[in-house]
Amino acid sequence: MSLLIKSPKDFWTGVLYLAFGTATLWIARDYPIGTAGRMGPGYFPTALSLLLMGLGVYILARGLTRQGNPLGGFAWRGALFVVGATVAFGLLLETAGIIIALVVLICGSALASVKTKLDWMSILIAAGLIVFCVLVFVKGLGVTMPLFGSWFGG
C-alpha cells in the first residue's frame, strides 16, 4: 500500500476528511433537509458533509498521484487546547453567556500555538471577533444565546 501512496500527508488528510464527512452525513441522515429557500435542520450538515467528503476524495487522490511530504509528528498540545477550549465553550454557553464562553474559546485556542502571545493586537482581534459573533448570531440571526448567562443574572 505504501508504494501507491506518493504523499502520505495528503493521503491521510483526505482519509480524515472523508471519515469526518461520512460521520456527519450519517449523524444528519434523519434530519429534514428542506429546500434551498426554506432550509431544514439537516440542510447545512448534509451540504457541509458532502463538500468535506468531496474535498477528502480529491486530497486522497492527490496523495496517490503527486509526490508530497511525509507525515510529521502529531501536535498533541494544539489538539488538547483546541478540543478543551471547544468543550469549555459548550459547557459555559448557557451558564456564563456567549461573551465569556467566546473569551474562553478564543484564549484557549490561542494557547494551542507556542508562537501566540497576548498583546494589544491579539486582544483587539479577539474583541472584534466577539462583537462580530454577537452581532451575527444573537442580533442578526436571532439565535437564543444569552449574552451573560445565569452566573451573572442573565
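Residues considered: Leu64, Leu52. Of these, the only one that is within 16 Å of the chain's Cα centre (by Cα), under 16 Å from Tyr17 (Cβ atoms) and not acidic (Asp, Glu) is Leu52. Please find, within segment 12-41, the residue that is farthest from Leu141 (Cα to Cα) out of those that are exposed (fewer than 14 other Cβ atoms within 10 Å of the Cβ) and within 17 Å of the chain's Cα centre (by Cα). Out of the qualifying residues, it is Ala19.
Listed by first and then second residue, the pairs with beta-carbon distance under 8 Å, at least 6 apart or on different chains, first residue in segment 115-137 and surrounded by 12 or more Cβ atoms within 10 Å (Cβ to Cβ) and assigned to a loop (DSSP other than H, G, I, E, B), second of a type in the set (Ser, Thr, Tyr) and at pLDDT below 85, are Thr116/Ser122. Taken over segment 30-64, the residue count meeting the criterion of being of a type in the set (Val, Ile, Thr) and either outside the structural domain of Val15 (by TED's automatic domain parsing) or outside any helix (DSSP H, G or I) (or both) is 2.
The one condition from (1) in a helix (DSSP H, G or I); (2) small (Gly, Ala, Ser); (3) modelled with pLDDT under 90 that Ala112 does not meet is (1). For the condition in the same structural domain as Cys133 (by TED's automatic domain parsing), touching a Phe, Trp or Tyr at 6+ places or on another chain (Cβ under 6 Å), surrounded by 14 or more Cβ atoms within 10 Å (Cβ to Cβ) and not aromatic (Phe, Trp, Tyr), Leu102 does not qualify.
Considering segment 119-154, and only residues there that are hydroxyl-bearing (Ser, Thr, Tyr) and within 22 Å of the chain's Cα centre (by Cα), the residue that is modelled with the highest pLDDT turns out to be Thr144.
The values are calculated or read from the model by the stated rules, or taken from the named source; none is laboratory data. Note that the structure is predicted; figures quoted are calculated from it, not measured. Every residue, glycine among them, receives a Cβ derived from its backbone with ideal geometry; neighbour counts consider all protein chains shown.
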